[in-house]
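The values are calculated or read from the model by the stated rules, or taken from the named source; none is laboratory data. Every value quoted in this text rests on a predicted model; they were computed, and no experiment measured them. For neighbour counting, all protein chains shown are included, and Cβ atoms are generated from backbone atoms with ideal geometry for every residue, glycine included.
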């Protein structure tokens, strides 16, 4: 595998074909000989994005940090609306004093609900899964004895089948390359984030972190993704770990990104939490 940077050229000889992974789109392109338009893998326009640490308008979804204590059981997973999972797990922050929770799942053509005393619920095997392209609402209510103390709604959508197939194929192509875990995680992040799949990329980055990576970029990127998901406590933890690792790694650009991330986390942590 060869890394091609901005301004460099690829020459395909003798009618051959090559596969080219574009970081800006998360797509794997099949290139043949001949002139290829420069916009086939255009540089991302970060000025239009509100979800990068290089942009001051970074955009966490909902403040999901902390360990609970509010009157509302804030949903923390799924992190964002699009998903590849037709049966997603549902996780929420606890409410102090809550004796039970009601989880309700509402779609256009079906709905179900469960009452439990835990703060996570696996999607019931006996219930109908999400269909391709379908959008549903998740609601979690907290009860103190028989009285409702608060509820939190969220929306989830299963990507269309053709999008799911494209992403799974790209993931398969990356897996075939047998890349080092850190490098593969960065490639997979680009693939997943091309469709804002925070659930999948956070899971993948955590897999690399769990085996003890010393790469500050992995921790910083995981911090970015947690911040985008609104899980500020986890974002701060990863930024601090990246900062620690950077003490023995001379990477000025990474250090700047980490400090920007920490400033944003601290800023949002100072905002009022009441609604």
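Could you list, in sequence order, all residues of segment 111-123 that are surrounded by fewer than 16 Cβ atoms within 10 Å (Cβ to Cβ) and touching a strand residue (DSSP E or B) at 6+ places or on another chain (Cβ under 7 Å)?
111, 112, 113, 114, 115, 116, 117, 120
Could we say that residue 94 is out of contact with any strand residue (DSSP E or B) (no Cβ under 6 Å at 6 or more places or on another chain), modelled with pLDDT of 90 or more and not in a strand (DSSP E or B) here? Before you say what the answer is, go through the steps one by one.
Details: out of contact with any strand residue (DSSP E or B) (no Cβ under 6 Å at 6 or more places or on another chain): yes; modelled with pLDDT of 90 or more: yes; not in a strand (DSSP E or B): yes.
It is true that residue 94 is out of contact with any strand residue (DSSP E or B) (no Cβ under 6 Å at 6 or more places or on another chain), modelled with pLDDT of 90 or more and not in a strand (DSSP E or B).
Just to be sure, is residue 199 touching a strand residue (DSSP E or B) at 6+ places or on another chain (Cβ under 8 Å) and surrounded by 22 or more Cβ atoms within 10 Å (Cβ to Cβ)? I'd like the intermediate steps shown before the answer.
Details: touching a strand residue (DSSP E or B) at 6+ places or on another chain (Cβ under 8 Å): yes; surrounded by 22 or more Cβ atoms within 10 Å (Cβ to Cβ): yes.
Yes.
Please work out if residue 79 is within 24 Å of residue 163 (Cα to Cα), exposed (fewer than 14 other Cβ atoms within 10 Å of the Cβ) and outside the structural domain of residue 227 (by TED's automatic domain parsing).
Working: within 24 Å of residue 163 (Cα to Cα): yes; exposed (fewer than 14 other Cβ atoms within 10 Å of the Cβ): no; outside the structural domain of residue 227 (by TED's automatic domain parsing): yes.
Answer is no for this residue.
Filter segment 97-110 for residues that are in contact (Cβ under 8 Å) with a residue 40 or more places away in the chain and assigned to a loop (DSSP other than H, G, I, E, B); which is surrounded by the most Cβ atoms within 10 Å (Cβ to Cβ)? Full working, then the answer.
Of segment 97-110, the ones in contact (Cβ under 8 Å) with a residue 40 or more places away in the chain are 97-102.
When the remaining residues are screened for being assigned to a loop (DSSP other than H, G, I, E, B), the result is 97-99.
Working: 97: 12, 98: 19, 99: 13.
So, considering only residues that are in contact (Cβ under 8 Å) with a residue 40 or more places away in the chain and assigned to a loop (DSSP other than H, G, I, E, B), the one surrounded by the most Cβ atoms within 10 Å (Cβ to Cβ) is 98.
Within segment 116-133, can one find any residue that is under 22 Å from residue 80 (Cα atoms) and in contact (Cβ under 8 Å) with a residue 60 or more places away in the chain?
Checked segment 116-133: no residue is under 22 Å from residue 80 (Cα atoms) and in contact (Cβ under 8 Å) with a residue 60 or more places away in the chain.
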